[in-house]
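The values are calculated or read from the model by the stated rules, or taken from the named source; none is laboratory data. These figures come from a predicted structure and were not determined experimentally. In this analysis, Cβ positions are derived from the backbone assuming ideal geometry, glycine residues included, and neighbour counts consider all displayed protein chains. When the accessible area is computed, the model is the full protein with side chains, heavy atoms only, and any ligands, DNA or RNA have been set aside. Shrake-Rupley method; radii C 1.70, N 1.55, O 1.52, S 1.80 Å.
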Amino acid sequence: MYAQMVDTGVAKVADVAEMSPEERAFQARVDDDIRIEPKDWMPEAYRRTLIRQIQQHAHSEIVGMLPEGNWITRAPSLARKAILMAKVQDEAGHGLYLYCAAETLGVSRDQMIEDLHAGKVKYSSIFNYPTLTWADVGAIGWLVDGAAIMNQIPLCRCSYGPYARAMIRICKEESFHQRQGFDIMMKLCDGTPEQKSMAQAALDRWWWPSLMMFGPPDTASVHSAQSAKWKIKRLSNDELRQRFVDQTVPQADYLGLRVPDDALVWNAERGHYDFGEIDWDEFHAVLRGHGPCNRDRMRMRVKAWEDGAWVRDAALAHAEKRQARAKAA
Amino acid sequence: MKDWPLWEVFIRSQHGLAHKHVGSLHAADAEMAIRNARDVYTRRNEGVSIWVARSADIHASAPGDRDALFEPANDKVYRHPTFFPMPDEVKHI
């Protein structure tokens, strides 16, 4: 998802018998659905896992501004431009809520940004795909933000208070993102044959990468099991992916678009859609840095950070000067 | 570069309620903190007034003191009006 394959640093899910009294008390609170707050005692592995996950999530929001920002100057009307700017501004806000939530666990903002730029921490694979036409902006809102909502709603009940509260704010705003995307798709599908084929091409490009956002099947993963025990992760990757397919296919039908999967078929017995194999080699290649836009995205991020350094320094110097003057007076 | 200091943000919503903590952000000074809080926390009319305070200036009770601080309230149920049952025929009380 926005945080894919988060390493918990544990080799096996801890058994109650092996837990220290503190760990047992902690697990009991989690089991009782009592939120964990920044000053509460928590196992080191829980803290590190959350830092990793929230940080990946925050970086994804920030890097996610790049593919869409690419279209602000070329949006087809003033209204679309204003809407897209509002959406991109929301993504910046979401990144900030999440960085602050991660900071409550004792990691600094600068450290997180350094780790991203050094390639030590990942962001979602989805943002390494290019936005070739205006229809891609529609497809991102509809599919990528749709998949994000699917994942983020259960995170509103995450055991860590600051993360859960950030997710509640984000979910409220995310719904606008998905609808504006679907609205772009509806307009294109109602338009000329060329416009409709643009919409189809965008769906063809974004469908599989969107399904990959949920991450590989995690039934056998010790990290997923541990995260589930800590109530950081509340539904499995495959459960979320299935829900996403089930809700999205009828929307594609409404648009009159074809989902690019020959194996896609309604399974009345299961009450779900069956769908084809995901190309996990592509997913792992993108995570390793070999997607279409990985290098470009990181170059843009690092450049923005370095070009802004003098502004950050100057603002701090100005504040310190004024403080010193106020003290002297 | 040094991190800008962290600020806690409190917003009063439309309806005459008290300022409520909404989150935090980094800013070089108070003026910038208010400006950033407006962009980060009030993009959809969430408020009519913003307070910011340096996070370093906020003192909090320790989780370990929870019992000592709050447990004494548990056995003083007579502080709640429902402790005193009233006869049905007594009205307006």
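The rows are residues; the columns are (1) open to solvent by 60 Å² or more (accessible area, probe 1.4 Å); (2) among the acidic types (D, E).
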site: A:P260; (1), (2): no, no
site: A:E269; (1), (2): yes, yes
site: A:R295; (1), (2): yes, no
site: A:V302; (1), (2): no, no
site: A:H318; (1), (2): yes, no
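You will find that of A:A92, A:A86, A:A101, the residue that is within 11 Å of another protein chain (Cβ to nearest Cβ), buried (at least 20 other Cβ atoms within 10 Å of the Cβ) and among the small types (G, A, S) is A:A101 and no other.
Modelled with pLDDT of 95 or more and buried (at least 23 other Cβ atoms within 10 Å of the Cβ), is that true of A:A79? It is false that A:A79 is modelled with pLDDT of 95 or more and buried (at least 23 other Cβ atoms within 10 Å of the Cβ). When A:S159, A:S125 are checked against the criterion of being surrounded by 19 or more Cβ atoms within 10 Å (Cβ to Cβ), more than 14 Å from every other protein chain (Cβ to nearest Cβ) and touching a strand residue (DSSP E or B) at 6+ places or on another chain (Cβ under 8 Å), A:S159 stands alone in meeting it.
Kindly provide the set of residues from segment B:12-60 that are buried (at least 20 other Cβ atoms within 10 Å of the Cβ), free of Cβ contacts under 8 Å to residues at least 40 places away in the same chain and hydrophobic (A, V, I, L, M, F, W, C), ordered by number. Listed by number, the residues that qualify are B:V22, B:L25, B:A27, B:A28, B:A33, B:A37, B:V40. The single condition among (1) in a helix (DSSP H, G or I); (2) closer than 22 Å to A:D115 by Cα that A:E22 does not satisfy is (2).
For beta carbons closer than 9 Å, sequence separation of 6+ or different chains, a first residue in segment A:258-272 that is within 11 Å of A:D246 (Cα to Cα) and a second that is in a loop (DSSP other than H, G, I, E, B), the qualifying pairs are A:L264/A:F275; A:L264/A:G276; A:V265/A:F275. Here no helices (runs of 4 or more DSSP H) wholly within segment A:277-329 include at least 2 residues being at pLDDT below 95, out of contact with any Lys or Arg (no Cβ under 8 Å at 6 or more places or on another chain) and of a type in the set (V, I, T). Give just the number: which of (1) buried (at least 23 other Cβ atoms within 10 Å of the Cβ); (2) over 30 Å from A:I51 (Cβ atoms) does A:N151 not satisfy? Every condition holds for A:N151 apart from (2).
Consider A:I184 carefully, then state whether it is under 30 Å from A:P43 (Cα atoms) and open to solvent by less than 20 Å² (accessible area, probe 1.4 Å). So A:I184 fails the test.
Here B:G64 meets the list (1) more than 13 Å from the chain's Cα centre (by Cα); (2) surrounded by 15 or more Cβ atoms within 10 Å (Cβ to Cβ); (3) within 9 Å of chain A (Cβ to nearest Cβ); (4) not hydrophobic (A, V, I, L, M, F, W, C) almost entirely, failing just condition (2). Among the numbered conditions (1) at pLDDT 95 or above; (2) within 14 Å of chain A (Cβ to nearest Cβ), the only one that B:V22 does not meet is (1).
Only residues that are among the acidic types (D, E) and facing chain B (nearest Cβ under 9 Å) were counted across segment A:294-317, and they come to 1.
In segment A:1-34, of all residues being basic (K, R) and either open to solvent by less than 80 Å² (accessible area, probe 1.4 Å) or modelled with pLDDT under 80 (or both), the one that is farthest from A:S159 (Cα to Cα) corresponds to A:K12.
What's the total number of residues in segment B:34-61 that are in a helix (DSSP H, G or I), more than 17 Å from B:S13 (Cβ to Cβ) and more than 10 Å from chain A (Cβ to nearest Cβ)? Total meeting the criteria: 3.
In segment A:28-56, the residues that are at positive phi never reach a residue that is assigned to a helix (DSSP H, G or I) and open to solvent by 20 Å² or more (accessible area, probe 1.4 Å) with C-beta atoms less than 6 angstrom apart, at least six apart or across chains.
Looking only at residues in segment A:304-316 that are exposed (fewer than 12 other Cβ atoms within 10 Å of the Cβ) and of a type in the set (G, A, S), the one that is nearest to A:L132 (Cα to Cα) is A:G308. Condition test on A:K12, is it in contact (Cβ under 8 Å) with a residue 60 or more places away in the chain, farther than 22 Å from B:L6 by Cα and assigned to a helix (DSSP H, G or I)? In short, no.
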